[in-house]
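The structure appears below as structure tokens.
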Amino acid sequence: MNTGTLAGRCFLSVLDFSPDDLEHHLALAATLKRDRRLGREAATSAALQGTYVAILFEKPSLRTRSTFEIAIRELGGDFIDPSADVALGTRESLADVGRSLERWVEGAVVRTYDQARIVDLAMATSELRVINALSNDEHPCQALADCLTLQERWGTLRGRRVAFVGDGNNVATSFAQAATMLGVTVHVATPEGFALPAQVGADVERIARHGAELVQFTDPVAAVRGVDAVYTDVWTSMGREGEQAERNRLFAPFQVNEALLAHAGADVCFLHCLPAHRGEEVTDAVIDGPASVVFDQAENRLHTGKALLVMLFED
Ligand code: CP
Ligand code: NVA
């Protein structure tokens, strides 16, 4: 699909950012984080003044919904929250929802199933800033917070290695795209049949910088050996609950526990987008242990969400 008319207006994928956009975004997010204590005195406190954003979610959310609602308000804007069965159901086409919404609001933050639904909504409109707040395929806003968290930890991401262990899912896809753009080599360890889609590998070959690569593994120990960070996510994403029992069986050797983490580098940090299924993909000892930065990631959803809104709404 030609999504060229969306450039600079929408953030449906990490691929909508160039590496320079991504670096600019992270610098802005760091500034907004520092300046949050200034409240209404912050330089961006009126960036969304007079601006309405629609929050359209048809899957549950704590972090994404809360941080976008706070971000919009802290930037001087306001939001509406039409119910999912009305805005994203079978009542009318998504294109007509978008064409109606853009007569009243300037932006839409959308969490849904197929990535194509978010693209359809964005393509049907000409002014609406559309943000992908998670689809089955991608979670680009999460990747922004992940990169800020690692940048805070390391200063620069260039030359680092991160292992994503578990399901080759939406979070893994967006992380692999963003991290390789910033010069991080990403190892993805999954059971056979759960690797990242081939398209992600092709995209990474095009966007990776500073010698970064995407390397897929089926052996979690080999993937984790010597890396600077280990990332995992739930084995069963929203919408796949019917597969949970089978996935728990297949993914059991991919649990991130202290024994697996011991194969990583000495200063390894542990990432999880949350929500976590403790005792499945990660043990309490790891997620509550000294390597864990999961609540820094959760905090950074706010600052990176704000920076994204500022970038999409600035003229
Ligand atoms: N990480 C994340 O997107 O969390 P929520 O599902 O709670 O928004
Ligand atoms: N992969 C998970 C991420 C939740 C934030 C899901 O899609 O359910």
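The values are calculated or read from the model by the stated rules, or taken from the named source; none is laboratory data. Small disclaimer: the values here were computed from a predicted structure and weren't measured. No Cβ is skipped: glycine too gets one built from the backbone with ideal geometry, and neighbour counts run over all protein chains shown.
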So which residues in the range 69-84 are surrounded by 17 or more Cβ atoms within 10 Å (Cβ to Cβ) and within 16 Å of ligand 1 (Cβ to nearest atom), if there are any at all? 69, 71, 72, 79
Look through 126, 93 and report the one residue that is surrounded by fewer than 18 Cβ atoms within 10 Å (Cβ to Cβ), among the hydroxyl-bearing types (Ser, Thr, Tyr) and farther than 27 Å from residue 46 by Cα. 93
Go through the range 152-183 and count every residue that is surrounded by 20 or more Cβ atoms within 10 Å (Cβ to Cβ) and part of a helix (DSSP H, G or I). 12
Would you point out the residue of the range 201-241, among those that are among the small types (Gly, Ala, Ser) and more than 18 Å from the chain's Cα centre (by Cα), that is nearest to residue 282 (Cα to Cα)? 223
When only residues in the range 52-68 that are more than 12 Å from ligand 1 (Cβ to nearest atom) and buried (at least 21 other Cβ atoms within 10 Å of the Cβ) count, which is nearest to residue 118 (Cα to Cα)? 56
Kindly check whether there is at least one residue in the range 276-283 that is hydrophobic (A, V, I, L, M, F, W, C), over 17 Å from the mean Cα position of the chain (by Cα) and within 16 Å of ligand 1 (Cβ to nearest atom). yes
Residue list for the range 101-112, restricted to those being surrounded by fewer than 20 Cβ atoms within 10 Å (Cβ to Cβ) and either within 16 Å of ligand 2 (Cβ to nearest atom) or free of Cβ contacts under 8 Å to residues at least 24 places away in the same chain (or both): 103
Those residues that are part of a loop (DSSP other than H, G, I, E, B) and either surrounded by fewer than 18 Cβ atoms within 10 Å (Cβ to Cβ) or at pLDDT 95 or above (or both), I need them from the range 10-48; list them, please. 10, 12, 13, 17, 18, 43, 45, 46, 47, 48
Restricted to the range 137-151, and to residues that are more than 13 Å from ligand 1 (Cβ to nearest atom) and over 14 Å from residue 17 (Cα atoms), which residue is surrounded by the most Cβ atoms within 10 Å (Cβ to Cβ)? 150
Please find, among 171, 184, 162, 119, the residue that is free of Cβ contacts under 8 Å to residues at least 60 places away in the same chain and either more than 16 Å from ligand 1 (Cβ to nearest atom) or in contact with a helix residue (DSSP H, G or I) (Cβ under 8 Å, 6 or more places away or on another chain) (or both). 184
Six or more apart or on different chains, Cβ under 8 Å: which pairs go from a residue in the range 77-100 that's within 29 Å of residue 49 (Cβ to Cβ) to one that's among the acidic types (Asp, Glu) and part of a loop (DSSP other than H, G, I, E, B)? Could you list them? 84/58; 88/58
For the range 236-247, indicate whether the set of residues that are more than 24 Å from residue 131 (Cα to Cα), in contact with a Phe, Trp or Tyr (Cβ under 6 Å, 6 or more places away or on another chain) and within 16 Å of ligand 2 (Cβ to nearest atom) is non-empty. yes
Any chance residue 285 is of a type in the set (A, V, I, L, M) and not in a loop (DSSP other than H, G, I, E, B): yes
Tally time: how many residues in the range 268-282 are within 16 Å of ligand 2 (Cβ to nearest atom) and either in a loop (DSSP other than H, G, I, E, B) or free of Cβ contacts under 8 Å to residues at least 12 places away in the same chain (or both)? 8
Can you pull out the residues in the range 241-270 that are out of contact with any helix residue (DSSP H, G or I) (no Cβ under 6 Å at 6 or more places or on another chain) and within 16 Å of ligand 1 (Cβ to nearest atom)? 241
